[in-house]
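Nothing in this text is a laboratory measurement; each read-out follows from the coordinates by a stated rule. In this text, all values refer to a predicted model and were calculated from it rather than measured experimentally. When we count neighbours, we look across all protein chains shown, and the Cβ atoms used for this are built from the backbone with ideal geometry, even at glycine.
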């Protein structure tokens, strides 16, 4: 009887250990899969922002009709133009376009927002927060090729978890019309794009995937 009891205990212990290990592996796989999905989504957002900024930058900013009650960017040398018909045009530079796209995303209930940050900012709204500052220092010290540089982590704000991603912006010829006065040269690290993603949707999607 004693031997039978020991055998049963060994079997129970073994099965329990196997089950715990299986759940641990599944949990690790779940976290890895979620992180890869978040990184992939953040990269896509970042690359699309770069495309929009590149288009605006190649034209040295774009002028649009100034809506009533709005203010032009006071940090630009020529923020407004007056047309022959008396209409006022306001200049949208890449930084302003980036900020307005982010505000529009939030107002439409999107799962992400983004922000441009720089250590040598002109507009105080582009001042880096603690996470962005850490990323900029990391990029400055990094020996990796520019296309491989990225910085991300999961943060908790109250009861809400978010995924934060940061990738660099490098100075191009089209940027120098506004930023050469700051001492930037072509190819210099000028700042970066910070992307914030809500984790809730990703957790639900991957949980459904594992339940299938």
As an exercise, use a Förster radius of 45 Å and the Cβ-Cβ distance of residue 63 and residue 21 to find the FRET efficiency, rounded to the nearest 0.05. 0.10
Extension gain, residue 89 back to residue 47 (0.36 nm per residue minus Cα-Cα distance, nm): 12.3 nm
Given the Cα-Cα distance of residue 120 and residue 161 and 0.36 nm per residue of separation, how much length would full extension add, in nm? 11.8 nm
Residue separation times 0.36 nm, minus the C-alpha to C-alpha distance between residue 35 and residue 100: what's the value? 20.7 nm
Kindly identify region 9-120 as rounded, prolate or oblate by the Cα gyration tensor criterion: order the square roots of the eigenvalues as a ≥ b ≥ c, call it rounded if a/c is under 1.5, otherwise compare a/b with b/c, prolate if a/b is larger, else oblate. prolate
Measure off 7 Å from each Cα along the Cα-to-Cβ vector at residue 10 and residue 133, then give the distance between these two points in nanometres to one decimal. 6.0 nm
If 114, 131 are placed from fewest to most neighbouring beta carbons inside 10 Å, the sequence is 131, 114
